[in-house]
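Taking it in order: structure first as structure tokens, then the write-up.
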Amino acid sequence: MAKEVTLDCMGEACPVPLIKTEKALEKLEKGDVLVVQIDHSCAMKNVPEWARKQGHNVEIEEVDDGEWELFIEKV
Amino acid sequence: MSAETTGITSRPSQARRKKKKKNQLPVAFALLLAVVGVAIWLTFVGDNLALFWITGIAFGIILQRSRFCFTACLRDPYLTGSTSVTKAVLIAFAVTSIGFTAIKYGFAAQGLPIPGQSYVAPISAATAIGAFMFGIGMVIAGGCASGTLMRVGEGFWMQALALFFFVVGSLLGAHNYGWWERNFIVSAPRIFLPDVFGWLGGLLCNLAIIAVVYWIAHKWGKRKTQEL
């Protein structure tokens, strides 16, 4: 059963969200979804880029002005 | 595994209860009018001020929209193996080299004093040590000078702290610069490439170095992606 885990990176500057995402994904199983909450515009670029390069499925949603949620499905 | 060690919290996903975003267009329009208004006012205040105002704002917009980041260009190759920003910065350097050479050559060809020659700074160990320290600082602060300014403008308040100490450091540096210059910097050589290789040679030398670094960045990025 795939689970969904939320990772709170609000207020964290680059590269902290990326490193936290990396560590959190390691602990998840295939098919699990990690929801990363960020409000740093640069993390919006490098976290999805890194995750897509790793082959994960990534979806970005702007939930509020300057706040995003990244849905990363581990592959 | 506790939430403390994983950094994973149970903060509920916001997407489910999506709230309506405020329409920012009226603010954008008012701001645009203000920018144009100030530009018109500046043309009466002094030469070039309006030009500086517009280029400054254009620079900020490009920096923000493109996520152009000098910190990421040096950090990401280690951290993620991504060299896309590195290559973007190198292209910017190449364009800048050509532009500056053209401007400087234009003045030199007419026998006029070349502008900006005071920025041909002496190269000493101070350059390398200072650059190294700056590198550590900018990775911890999450941005270099332009990046920090841009993100504070975006409303990312944690970096206002970085901005504050950036100002403190700059003031201290400016205050003590005379001492450093007398004791460490002034004896070092000043090298202006066109003096050594000629105008075209200097430019080609610059572009060749950039091309080599670009090639290394490209290879590095490819290798790192294949490893994953």
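The values are calculated or read from the model by the stated rules, or taken from the named source; none is laboratory data. Not measured: the values here are computed from a predicted model. Methodologically, a virtual Cβ is constructed for each residue, glycine included, from the backbone with ideal geometry; neighbour enumeration extends over all protein chains shown. To get the accessible areas, we keep the full protein, side chains included, count just its heavy atoms, and leave off ligands, DNA and RNA. Shrake-Rupley method; radii C 1.70, N 1.55, O 1.52, S 1.80 Å.
Under a 1.4 angstrom probe, counting protein chains only, how are B:175, A:40 ranked by accessible area, largest first? Please report the intermediate quantities before stating the final value.
On the way: B:175 145, A:40 0 Å².
Of B:175, A:40, the descending order of accessible area is B:175, A:40.
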Requested in this report: Would you mind counting up the charge near residue B:153? Only other residues with Cβ under 15 Å from its Cβ, with Lys and Arg at +1 and Asp and Glu at -1.
Outcome: 0
Report task. List the residues of the stretch B:137-155 whose accessible area drops by at least 30 Å² when all protein chains are present, compared with their chain alone, using a 1.4 Å probe and counting only protein heavy atoms. Result -> B:151
Report summary line: Given the candidates B:100, B:71, B:121, the one whose Cα lies deepest towards the positive end of the charge dipole of the stretch B:69-227, counting +1 at each Lys or Arg C-beta and -1 at each Asp or Glu C-beta, is B:71
Report task. Quick one: accessible surface of residue B:136, probe radius 1.4 Å, all protein chains present, in square angstrom to the nearest 10. Result -> 90
Query raised in the report: Among B:215, A:50, B:53, B:179, what's the order by accessible area (1.4 angstrom probe), most exposed first?
Result: B:215, B:179, B:53, A:50
Report task. Grab the Cα-Cα distance for residue B:24 and residue B:98, subtract it from 0.36 nm times how many residues apart they are, and report the gain in nm with one decimal. Result -> 22.8 nm
Query raised in the report: Using +1 on the beta carbon of Lys and Arg, -1 on that of Asp and Glu, and nothing else charged, what's the dipole of chain A about the Cα centre, debye to 20?
Result: 540
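Just tell me how shielded A:4-15 is by partners: mean number of partner chain Cβ atoms within 10 Å of each residue's Cβ, no decimals.
Details: counts 1, 4, 7, 5, 6, 2, 2, 3, 4, 12, 14, 9.
Partner Cβ neighbours, averaged per residue: 6.
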Query raised in the report: Accessible area of residue B:123, 1.4 Å probe, to the nearest 10 Å²?
Result: 90
Report task. Please calculate the 1.4 Å probe accessible area of residue B:158, with all protein chains present, and give it to the nearest 10 Å². Result -> 90
Query raised in the report: For chain A, what % of the accessible area comes from carbon and sulfur atoms, probe 1.4 Å?
Result: 48
Report summary line: Other residues with Cβ under 13 Å from the Cβ of residue B:117 give, with Lys and Arg +1 and Asp and Glu -1, a net charge of +1
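Chain pair A, B: how much accessible area is buried, both chains summed, with a 1.4 Å probe, in Å² to 100? Mind dumping the intermediate values first?
Values: alone 4640 and 17270 Å², together 18920 Å².
So the total buried area for this chain pair works out to about 3000 Å².
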Query raised in the report: So how much slack lies between residue B:119 and residue B:170, counting 0.36 nm per residue of separation and subtracting their Cα-Cα distance, in nm?
Result: 16.6 nm
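Taking a 26 Å limit on the Cα-Cα distance, which of the listed pairs A:20/A:74; A:20/B:222; B:87/B:224; A:45/B:104; A:30/B:22 fall beyond it? Write out the running numbers ahead of the final one.
On the way: A:20/A:74 15 Å; A:20/B:222 24 Å; B:87/B:224 15 Å; A:45/B:104 36 Å; A:30/B:22 38 Å.
Distance filter (> 26 Å) returns A:45/B:104; A:30/B:22.
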Report task. Assign unit charges at the C-beta atoms only (+1 for Lys and Arg, -1 for Asp and Glu), then state the dipole size of the protein assembly as shown relative to its Cα centre in Debye, rounded to the nearest 20. Result -> 380
Report summary line: For the stretch B:153-228, the charge dipole (Cβ of Lys, Arg +1; Cβ of Asp, Glu -1; about the Cα centre) points to a positive end, and the Cα of B:180, B:153, B:191 closest to that extreme belongs to B:191
Query raised in the report: Per the 1.4 Å probe, what fraction of the accessible area of chain B, in percent, lies on carbon and sulfur atoms?
Result: 72
Query - Degrees, to the nearest 10: B:145-154 long Cα axis against longest axis of chain B - result: 30
Report summary line: Site residue B:129, offset 7 angstrom along Cα→Cβ, radius 12 Å on amide nitrogen, limited to the stretch B:168-190, gives B:180-181, B:183-185
Query raised in the report: To the nearest Å, what is the center-to-center distance of the stretch A:1-63 and the stretch B:141-206, using C-alpha atoms only?
Result: 33
Query raised in the report: Okay, helix-only estimate at 222 nm for chain B: each DSSP H run of n ≥ 4 adds -39500 (n - 2.57), divide by all residues, round to 500 deg cm²/dmol; what do you get?
Result: -24500 deg cm²/dmol
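Please express the shape of the protein assembly as shown as an equivalent ellipsoid: the semi-axes are the square roots of 5 times the eigenvalues of the C-alpha gyration tensor, given largest first in whole angstrom.
Equivalent ellipsoid semi-axes, largest first: 40, 26, 20 Å.
Can you tell me the dipole magnitude for chain B around its Cα centre, using point charges on the Cβ only (Lys, Arg +1; Asp, Glu -1), in Debye to the nearest 20?
Values: 20 positive and 7 negative charges, 272 e Å.
Charge dipole of chain B: 1300 debye, to the nearest 20.
What FRET efficiency would be calculated for the residue pair residue B:35, residue A:30, taking the C-beta separation as r and a Förster radius of 35 Å, to the nearest 0.05? Can you show the working numbers first?
Values: r = 50 Å, r/R0 = 1.44.
Once rounded, the FRET efficiency stands at 0.10.
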Query raised in the report: Which ³J(HN,Hα) values in Hz, rounded to whole numbers, follow from the phi angles of the stretch B:195-201 under the Karplus curve 6.51 cos²θ - 1.76 cosθ + 1.60, where θ = phi - 60° and Gly and Pro get x?
Result: 5, 8, 10, x, 4, 5, x
Query raised in the report: Tell me, what is the per residue accessible area of the protein assembly as shown in Å², probe radius 1.4 Å?
Result: 62
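Keeping every protein chain in place, order A:8, B:76 by accessible area at 1.4 Å, biggest value first, i.e. largest first. Write down the numbers at each step before the final one.
Numbers: A:8 45, B:76 5 Å².
Descending order: A:8, B:76.
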